[in-house]
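So the structure is just underneath, and the comments pick up after that.
The values are calculated or read from the model by the stated rules, or taken from the named source; none is laboratory data. Because the structure is predicted, anything quoted here is derived from the model rather than measured. All Cβ positions, even for glycine, are placed from backbone atoms using ideal geometry, and neighbour counts span all protein chains on display. All accessible areas refer to the heavy atoms of the entire protein, side chains included, with ligands and DNA or RNA removed. Shrake-Rupley method; radii C 1.70, N 1.55, O 1.52, S 1.80 Å.
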Amino acid sequence: MEYLPGLQQEFDELKPSLFELLAEQQLSDLLPPSIRYILAIATHRHPRYLLRILNSYDEVYALLSLIVERYYLRNFGGSFTENFYSLKRERVLLTKNGEIPRAQLGAPGPVRDSLKLRSADVWKNLFVMVGIPYLKRKLDEGYDIHAAPQASLIMSGGPRYNPSDDLPPHPTIRQRLMHAYKWFLRNIYPSVNAAYYFSILLFNLAYLFDNTKYSSPFLWLIGTRIRRLSSADHHAIARILDGKPQNPRGARTRPGSGLLGLLSPQNLYPQLLTSLRYFLPASIFALKFLEWWHASDFSRQLARKATDTLDIPAPITKGMIPPSERKRKRSTEKPDTSSSSPKSALKSTTQPRNRPQPPISASSYLPIFTVSLPPADTDAASSCPICLNQLANPTACQTGYVYCYVCIFHWLNGEHQRQIDFMNGDGAGAAWEEAGEEDGERGDAPAHKVGESREGKWESGKGRCPVTGRRVLGGTEGLRRVLI
């Protein structure tokens, strides 16, 4: 009789704390939006097959949840997430205080069988776990569509009357039901929603201070409470998971009950649902691993080390000569004095004329369209090199040259009319092109016919300084106004 004082105490080791129940409820509430998000991502890749499922997600999820929760309630005594937290649901007996501590200690197996949920209790719990959350989601969605815009108009001082909400002169049954549904959402549902959360709060506080056995008003209505798994429950679940019925010695097995029998619909259905209890912790671990992988610097260091070991050769463009080799080749060339033409011989013996050459892009090896500075006889300090007019709203580039703000802004965006005309072959070239035409040769500049497009032969100078051809960091954000 030394255990009687322990039985008279109010401490119950099988009663879960409120924090365990809230953690389980939070995990259960996170499953629908998480699955919806994954389905939405997959729908972008396969809209033909998944768009209808995404549009009817609430109904599909409620149906699948009904199948999964019914299996777990019948076999494990609790919902899918409750089984993850080692919780179960049991009936409340019509005894004093609903407790039988002596029988619980002396015969845990029979007590478990007597408190196990019956078929009617399973369907009641399914309505609480699946039906009520489904109705709550649909009502919240309907309220956001039909009532929330009106509420925002009222708060902002707008009119409350909406002519489209009135019934037509001869309404149909569907129109009457829709009108009643909107009236319910706007006038009654806010109070019902407040009472819903307030009742849950009251039961949580009462459960926290051990004034009730029910953590939710819906569990109180169906006479079910949540408990921890006992030793008898763990043994019963282990027998279910071990899973093969014991045949008497010498008894014949049915055909197909071997390896092929595992793939039969009768065995595949419970095996698939039972494997979900391992999928949930594995998915949580994978999620935490991905959070750590993207938050830590380990992945970036690993990627940096992997790229350091790769010896990637420089890209080779056929038909193009790098600028360094072009200069070296030009310097090593000697004048040809064996030409038969006296004019060409005289030209080769004289000192070559120093004329400006277009800058060459280091990435595409194409000449870059640039403009020359205004002549020295003009007021160069107050002239724009692009439009050759007086500076209007002077703006300095990163290279130090000053332009009109409109001219340099359109030039960096590749939208200046001088660039467009040059690339289309209609406009005249720069000083280096004119100088090359005077001498009858173009130097490094590619040959061009009047009216022929220069696309693919030149760079328009987009994103570059109009005079030097150097790239401007930040684009138009790198420009600075000049105060004169």
May I ask you to verify whether PRO110 is under 21 Å from ILE200 (Cβ atoms) and either part of a helix (DSSP H, G or I) or at pLDDT 85 or above (or both)?
-> no
Identify all residues within segment 157-177 that are modelled with pLDDT of 75 or more and open to solvent by less than 80 Å² (accessible area, probe 1.4 Å); write none if there are none.
-> LEU167, PRO168, PRO171, THR172, GLN175
Looking only at segment 188-212, which residues are of a type in the set (S, T, N, Q), open to solvent by less than 70 Å² (accessible area, probe 1.4 Å) and part of a helix (DSSP H, G or I)?
-> ASN193, SER199, ASN204
Members of segment 453-481 found to be in contact with a Cys (Cβ under 6 Å, 6 or more places away or on another chain) and open to solvent by 40 Å² or more (accessible area, probe 1.4 Å), listed by number | none
Identify, by number, the condition in (1) aliphatic (A, V, I, L, M); (2) modelled with pLDDT of 90 or more; (3) within 30 Å of LEU93 (Cβ to Cβ); (4) surrounded by 11 or more Cβ atoms within 10 Å (Cβ to Cβ) that ALA120 doesn't meet.
-> (4)
Looking only at segment 114-142, which residues are within 19 Å of LEU229 (Cα to Cα) and either among the basic types (Lys, Arg) or in contact with a Gly (Cβ under 6 Å, 6 or more places away or on another chain) (or both)?
-> LYS116, ARG118
What helices (runs of 4 or more DSSP H) completely inside segment 360-459 contain at least 3 residues that are at negative phi, of a type outside the set (Lys, Arg) and at pLDDT 80 or above?
-> 405-412, 417-424
Look at segment 57-96 and say how many of its residues are open to solvent by 10 Å² or more (accessible area, probe 1.4 Å), in a helix (DSSP H, G or I) and of a type in the set (A, V, I, L, M).
-> 7
So, first residue in contact (Cβ under 8 Å) with a residue 40 or more places away in the chain in segment 22-35, second residue assigned to a helix (DSSP H, G or I) and surrounded by 14 or more Cβ atoms within 10 Å (Cβ to Cβ), Cβ within less than 7 Å, six or more apart or across chains; the pairs are GLU24/THR81; GLU24/GLU82; LEU27/THR81; SER28/THR81; PRO32/TYR61
